[in-house]
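First the structure, in the form of structure tokens, and then the observations on it.
Any read-out appearing in this document is the output of simple, stated calculations on the displayed coordinates, not a laboratory observation. Computed from a predicted model, the values in this text were never measured in an experiment. Cβ atoms come from the backbone with ideal geometry, glycine included; neighbour counts cover every protein chain shown.
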Amino acid sequence: MRRITFVLLFSFFACAQLSREEQFQAECEKTRKRSYLFMVPILEKHTTSGNTEQNSLVWIGNTELAYKKCMSEADKNQFNLRSN
């Protein structure tokens with residue numbers, strides 16, 4: 001009986017996502033990946049000033065800053081329990 005209870009409790013806690021940290025980190029990674037995948041090629045082809053290198057570097061810098069801020073917010077949510 002103890003073994004079954006232990007297995008059930010262990011599987012519950014292994015499957016349950018108690019915090020939203022992992023969810024936020026996944027969203028941060030997805031946003032960063034999409035930014036590099038879609039926006040940088042567009043900026044390299046279409047610019048108003050003609051300076052494609054500067055536009056891409058500024059976009060990359062902004063993307064990395066947003067990613068760091070997003071990961072920081074995910075770390076803050078480490079101990080916030082999920083509501084659903």
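Separation between the Lys33 and Ile4 pseudo-spin-labels, each 7 Å from Cα along Cα→Cβ, expressed in nm?
4.1 nm
Which of Lys30/Lys69; Lys45/Lys69; Lys33/Lys76 have a Cα-Cα distance over 19 Å?
Listed pairs above 19 Å: Lys45/Lys69; Lys33/Lys76.
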